[in-house]
């Protein structure tokens, strides 16, 4: 994994962006859609907005995120689903599902970020990975409240925007929690093996996003770097295919619309951008 990542970094460094986060535009005679790739967590103080983004956002009547960010039901539903499916049967222990070497490796990585292994001992691997990842990112100084979606949502509220979403909470939950047990466990163990590189990796991904280097992001989020066979298709490709007809439906709604989804969905050979172009739509990268 480390060798693949090093090669990906070198490839990403060989390409350049516009110097600003990428933004695309598509539409028809009475509808304009802007597509903007986001990063869900950012370091405090990072400047990324500019006049092009602000003008497109201000012009738009409706802002679409991946899921409904304004409803209390979103967090309630997610919490319910985690409670229902995110835990092992009573009496079972996650570390007993690993061999001795794997368990030692995961516990060592957790100790390095001051995370109590007992906190995940009763969890399904996907739930453990999600909790560890959220904690690890915050320990490294990244703030989800400063992520692009939260900033845009606050601005949209101030401007009286309408809001929409590309998928339901349940659909996103399936993507996060899917895969068989062994696949989920493999992802958790892979996290432990690369935990000391996560800050550097995330920093570089954010740098490429901030520069608008779509080719660089494509390399850094490619299938070759994915930690398991199924997660790339589940997290990216399948959702992208689902979103394309929903974007087409937005074209039937006159006015301007701003779609803000994770940047990985808009980069690479399986991106929403290429899927739309394959269907004959013209998308112009305006930044």
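Taken together, the values in this text are just the output of simple stated rules run on the coordinates, not laboratory data. Bear in mind the structure is a predicted one, so any value in this text is a computation, not a measurement. Cβ placement follows ideal geometry from the backbone for every residue including glycine, while neighbour counts extend to all protein chains displayed.
Values for this structure:
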{"read-out": "Counting DSSP beta bridges with both ends in the chain, the antiparallel % (nearest 5)", "value": "40 percent"}
{"read-out": "Within the chain, helix-based [θ] at 222 nm, where runs of 4 or more DSSP H residues each add -39,500 (n - 2.57), nearest 500", "value": "-15000 deg cm²/dmol"}
{"read-out": "Rounded Å value of the spacing that divides the Cα centres of the stretch 129-149 and the stretch 31-56", "value": "19 Å"}
{"read-out": "Selected from 233, 72, 252 as most flexible by GNM, with the chain as the system and alpha-carbon contacts under 10 Å", "value": "72"}
{"read-out": "Burial ordering of 108, 161, fewest other beta-carbon atoms within 10 Å first", "value": "108, 161"}
{"read-out": "Nearest 10 degrees, 0 to 90: helix 100-112 Cα axis against the chain principal axis", "value": "60 degrees"}
{"read-out": "Order of 189, 137 - criterion: other Cβ atoms within 10 Å of each residue's Cβ, fewest first", "value": "137, 189"}
{"read-out": "Taking the stretch 2-285 and dividing mean pair separation by its residue count, relative contact order in percent (alpha carbons under 8 Å, at least six apart)", "value": "40 percent"}
{"read-out": "Order of 87, 142 - criterion: other Cβ atoms within 10 Å of each residue's Cβ, fewest first", "value": "87, 142"}
{"read-out": "Helix 125-139 vs. the chain, principal-axis angle (Cα, 0 to 90°, nearest 10)", "value": "70 degrees"}
{"read-out": "Angle in degrees between helix 181-194 and the longest Cα principal axis of the chain, rounded to the nearest 10", "value": "90 degrees"}
